[in-house]
Amino acid sequence: MKKVIYLLGLLLTLACCVGQSEHDKVVKEYNKILKEKEQLSKELARVKKDLEGYKMSPSKLCANIDQLLKEKNVNKLKEIESKLSKYHPESTEIKKVKQYIAQAEKIIAQEKTAAEKKRLQAVNKLRKRHDDVSGITWYQNPYFTHYNDANLTSIYIGKDDNSVWLRLKMSYTGDDWIFFEHAYLSYDGNTQEISFNKYENKESDNSGGEVWEWIDVSIDNNLLSYLRNMVDGKSIKMRLSGKYTKTRNLSVNEIQGIKDILLAYDVLQKEMREKNY
């Protein structure tokens, strides 16, 4: 473009210095140059289109559509369909890609329905206890009752008209006191200390030569995130430590109970948001 402008300026300058005949020649030459430039631009556009069409041949575009179907990647499949429609509208691959899109969308819809059904079942399977004085409904896992005189770890849900929340309970029972002042959860080497106030959250009792100590604390977002990862761990443990230490692996029922409560919590949270929206 700069070259054309420069040439134009030069031609105009020369035009001022020559007669009418020379002026006409200059104008004719200039128009010829503009026409050649326009023709070259068209040729370049055609070549680019040909190259683009070659790069996006049906076989190349559809090289990994089987994998995209397995991944249920509808967006990517739709991109391929769009390119086929643009560059190869008569290709047989378009029909196959459209079929894959329909299959992927159907699978996604089925999975969504199954997931929602599972979420609702997670709430229905829990044990519920309503306190009509406080207006709170408590949801606990269906696998065991977490009594204070037990070696257990569990979480449970509280729900009233305005909010839903989670609590964690960890308890110890044995012949001797451990006087624990610290509590931990751990999975596969990832350890989380459970903060608690020993005057407000910790209790102890004894009977018939047996002692028990336990804590019952609220679950904040940090601990909630940890629990979501923990339940998928391979080796999940709890530890209560003070004058003495008690460490043990969580049972299958404890782990499944935590999973069910977390799933039910998400369902109740969603219902509460929709209610308050």
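Summary table below
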{"item": "Verdict on ILE215 being under 27 Å from the mean Cα position of the chain (by Cα) and either surrounded by fewer than 17 Cβ atoms within 10 Å (Cβ to Cβ) or closer than 15 Å to LEU152 by Cβ (or both)", "result": "no"}
{"item": "Leading residue by the ranking (nearest to GLY208 (Cα to Cα)) among those in region 159-171 that are assigned to a strand (DSSP E or B) and either among the small types (Gly, Ala, Ser) or open to solvent by less than 20 Å² (accessible area, probe 1.4 Å) (or both)", "result": "SER171"}
{"item": "Residues of region 148-158 classified as surrounded by fewer than 22 Cβ atoms within 10 Å (Cβ to Cβ) and either without any contact (Cβ under 8 Å) to a residue 40 or more places away in the chain or among the polar types (S, T, N, Q) (or both), total", "result": "3"}
{"item": "Checking ASP161 against (1) under 25 Å from GLN256 (Cβ atoms); (2) modelled with pLDDT under 95, the condition it does not meet", "result": "(1)"}
{"item": "Selection status of THR145, under 17 Å from GLU271 (Cα atoms), out of contact with any helix residue (DSSP H, G or I) (no Cβ under 8 Å at 6 or more places or on another chain) and open to solvent by less than 90 Å² (accessible area, probe 1.4 Å)", "result": "no"}
{"item": "Qualifying residue in region 15-22 (condition: open to solvent by 60 Å² or more (accessible area, probe 1.4 Å), in contact with a helix residue (DSSP H, G or I) (Cβ under 8 Å, 6 or more places away or on another chain) and at pLDDT 75 or above)", "result": "no"}
{"item": "Residues satisfying the stated conditions in region 184-222, i.e. of a type in the set (Ser, Thr, Tyr) and assigned to a strand (DSSP E or B)", "result": "TYR184, SER186, TYR187, THR191, SER204, SER207, SER218"}
{"item": "Some residue of region 230-242 being open to solvent by less than 40 Å² (accessible area, probe 1.4 Å), within 18 Å of GLU181 (Cβ to Cβ) and free of Cβ contacts under 8 Å to residues at least 40 places away in the same chain", "result": "no"}
{"item": "Condition check for LYS128: open to solvent by 30 Å² or more (accessible area, probe 1.4 Å) and assigned to a helix (DSSP H, G or I)", "result": "no"}
{"item": "Test: residue in region 201-221 that is closer than 25 Å to GLN256 by Cβ and basic (Lys, Arg)", "result": "no"}
{"item": "Pair list, Cβ under 6 Å, 6 or more apart: region 172-190 residue open to solvent by 30 Å² or more (accessible area, probe 1.4 Å), other residue assigned to a loop (DSSP other than H, G, I, E, B) and small (Gly, Ala, Ser)", "result": "TYR187/GLY233; ASP188/GLY233; ASP188/SER235"}
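This table checks each residue for (1) free of Cβ contacts under 8 Å to residues at least 40 places away in the same chain; (2) under 17 Å from GLN269 (Cβ atoms); (3) within 26 Å of the chain's Cα centre (by Cα).
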site	(1), (2), (3)
TYR100	yes, no, yes
GLU105	yes, no, yes
ALA109	yes, no, yes
THR113	yes, no, yes
VAL123	no, yes, yes
ARG127	yes, no, no
GLY135	yes, no, no
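For (1) part of a helix (DSSP H, G or I); (2) of a type in the set (Gly, Ala, Ser); (3) farther than 30 Å from TYR143 by Cα; (4) modelled with pLDDT under 95, each residue gets a yes or a no:
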{"site": "TYR54", "(1), (2), (3), (4)": "yes, no, yes, yes"}
{"site": "ASN75", "(1), (2), (3), (4)": "yes, no, yes, no"}
{"site": "ILE80", "(1), (2), (3), (4)": "yes, no, yes, yes"}
{"site": "LEU84", "(1), (2), (3), (4)": "yes, no, yes, yes"}
{"site": "SER91", "(1), (2), (3), (4)": "no, yes, yes, yes"}
{"site": "LYS95", "(1), (2), (3), (4)": "yes, no, yes, yes"}
{"site": "ALA114", "(1), (2), (3), (4)": "yes, yes, no, yes"}
{"site": "LEU120", "(1), (2), (3), (4)": "yes, no, no, yes"}
{"site": "VAL123", "(1), (2), (3), (4)": "yes, no, no, yes"}
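The values are calculated or read from the model by the stated rules, or taken from the named source; none is laboratory data. If you're wondering where the values come from, they're calculated on a predicted model, not measured in any experiment. Virtual Cβ from ideal backbone geometry, glycine too; neighbours counted across all protein chains shown. Surface accessibility is based on the protein's heavy atoms, side chains included, excluding ligands, DNA and RNA. Shrake-Rupley method; radii C 1.70, N 1.55, O 1.52, S 1.80 Å.
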